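Below you'll find the structure, written out as structure tokens, and then a few comments.
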Amino acid sequence: MITTGQAMLAVMSVKDAINLYRGTSQFKGLNTGMIRTLLRNKEFVLVASAEFPMEHAWLVTSALMHESNAVLDIPDNSADAPIPMHSGARAYANGETFESVKKNGEM
């Protein structure tokens, strides 16, 4: 449903999320490259549509990290990460305040 715009967030296995982003395996031929990571653990990743608003991604990341008791991790934000990190999750990881994210989202 995330490939058709019917859902903005999805929990997927890391392997499936990478395949979706790359358009490989069972996701061959679908609208790919349009997901970004918010959070992950060893087996699963929370992905969002690239169109998911920055301030919403910041809020979701903040809420889940606050309550995760270290079960969740911020995903890889390097240039060679298998799936790019959502800008809102990156803002949270970099310590930006919600107010600054909301202001940037309004521009």
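The alpha-carbon of Lys15 sits under 22 angstrom from the alpha-carbons of these lysines, leaving out residues fewer than 8 places away in its chain: Lys28, Lys42.
With N counted as the residues of the stretch 2-106, its alpha-carbon radius of gyration over 2.2 N^0.38 Å works out to 1.03.
None of the figures in this text is laboratory data; all of them are computed from the coordinates on show. Bear in mind the structure is a predicted one, so any value in this text is a computation, not a measurement.
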